[in-house]
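As structure tokens, the structure follows; a few thoughts come after it.
The values are calculated or read from the model by the stated rules, or taken from the named source; none is laboratory data. Since we're looking at a predicted model, the values are computed, not measured. Note that we place each Cβ from the backbone using ideal geometry, even for glycine, and neighbour counts take in every protein chain shown. All accessible areas refer to the heavy atoms of the entire protein, side chains included, with ligands and DNA or RNA removed. Shrake-Rupley method; radii C 1.70, N 1.55, O 1.52, S 1.80 Å.
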Number of protein chains: 2
Amino acid sequence: MKIDLGAKNCLYPFPTTLVGALVDGKPNYVTIAHVGVIEHGSVSLSMNKSHYTNAGIKANGTFSINIPSVKMVKKTDHCGLVSGKTTDKAALFKTFYGKLKTAPMIEDCPINMECTLTKTVDFPTHDIFIGNVTATYCDEAVLTEGTVDFSKVQPILFVMNDKSYWKLGDKFAKAWDVGKEPK
Amino acid sequence: MKIDLGAKNCLYPFPTTLVGALVDGKPNYVTIAHVGVIEHGSVSLSMNKSHYTNAGIKANGTFSINIPSVKMVKKTDHCGLVSGKTTDKAALFKTFYGKLKTAPMIEDCPINMECTLTKTVDFPTHDIFIGNVTATYCDEAVLTEGTVDFSKVQPILFVMNDKSYWKLGDKFAKAWDVGKEPK
């Protein structure tokens with residue numbers, strides 16, 4: 001039996017990220033899980049216009065996406081609870097820079113991507129920032145035979161419906177393969 | 001030590017969905033995991049322009065997002081391997097309709113959302129469809145105290161890097177809570 005839930009977004013879980021930008025010349029990080037993939041090399045961030053970080057992304061045309069691991073959940077959640085307007089969140093992490101020079105990244109996160117802003121789509125309450133992934137860095141420890149292994153990354157998955165963080169479970173099938181025989 | 005991977009999108013995993021639309025008056029379903037959340041009640045789909053389904057979404061201004069469970073992985077993957085141009089994929093499922101009448105949904109999927117197209121953003125190889133969630137249905141079996149419980153939904157998580165499907169792991173922390181004390 002189907003239950004009518006009303007108009008409720010149940011498209012979850014999403015990977016929780018720490019988005020980095022320079023704001024007034026200083027690194028800042030904010031927790032964003034409302035992300036998307038646009039084309040294979042470009043990604044989107046849905047960021048409430050109230051966030052301190054948005055002005056830095058617009059000013060520099062660059063940002064970073066850092067993927068924290070489960071063990072970083074306290075700091076990750078914290079960066080969504082406090083604003084860069086009043087708190088120096090970069091003090092929580094060791095920052096490094098790559099090719100873009102204006103996209104601060106978090107050393108502790110196993111995956112870091114530098115992105116160049118290509119389009120901003122204006123929605124009533126949110127800026128949708130779309131960027132090309134320009135360079136990607138990872139910890140050697142999360143690679144298996146040269147490919148990023150998400151069982152080693154241990155990303156923090158976010159579900160809005162019950163405001164919760166989840167671990168990634170087991171890999172169980174190959175995509176573009178397991179369905180060659182649908183039955 | 002950080003390894004430079006080049007420009008590589010590592011923003012994963014994403015929930016694998018079956019997107020439904022009427023194409024030439026017939027229901028069709030396509031596997032899409034490059035999705036996003038835009039504002040809390042609106043979502044995005046990144047759909048290669050080669051997909052048969054895109055024309056149906058544009059013609060009707062509606063689509064559905066169906067979230068299959070792990071046990072549906074063969075049929076789900078299959079809908080990404082074959083095109084509606086040559087295969088009647090609706091024959092794999094029992095279809096039902098809700099309020100919009102032009103957004104076919106899959107009875108077997110534990111979660112179904114009817115969406116109204118609000119914006120199409122044109123990218124070189126992909127149509128980015130942004131839609132408002134108009135109505136949501138779920139199986140009674142996936143609710144816990146009236147809220148969708150993703151441990152019961154058992155979504156199929158997609159990682160592009162090694163072309164794989166993953167299960168959801170355990171819920172381990174509360175969002176906007178666990179980070180009140182970051183240390």
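Residue by residue through segment A:77-97, note down the ones that are assigned to a strand (DSSP E or B) and touching a residue at least 24 places away in the same chain (Cβ under 8 Å). Across segment A:77-97, the qualifying residue is only A:Thr95. Scanning segment A:141-159 for residues being surrounded by fewer than 19 Cβ atoms within 10 Å (Cβ to Cβ), hydrophobic (A, V, I, L, M, F, W, C) and not in a strand (DSSP E or B) gives a total of 1. Filtering segment A:86-98 to residues that are under 19 Å from the mean Cα position of the chain (by Cα) and not aliphatic (A, V, I, L, M) leaves A:Lys89, A:Phe93, A:Lys94, A:Thr95, A:Phe96, A:Tyr97, A:Gly98.
Residues in segment A:110-140 that are polar (S, T, N, Q) and open to solvent by 40 Å² or more (accessible area, probe 1.4 Å): A:Thr116, A:Thr118, A:Thr120, A:Thr125, A:Asn132, A:Thr134. The set of residues from segment A:48-75 being in a strand (DSSP E or B) and within 21 Å of B:Lys8 (Cα to Cα) comprises A:Thr62, A:Phe63, A:Ser64, A:Ile65, A:Asn66, A:Ile67, A:Ser69. Residues that are assigned to a strand (DSSP E or B) and facing chain B (nearest Cβ under 7 Å) were ranked within segment A:18-47; the one that is most open to solvent (accessible area, probe 1.4 Å) is A:Glu39. All conditions but one from (1) more than 8 Å from chain B (Cβ to nearest Cβ); (2) in contact with a strand residue (DSSP E or B) (Cβ under 6 Å, 6 or more places away or on another chain) apply to A:Thr86; the one that does not is (2).
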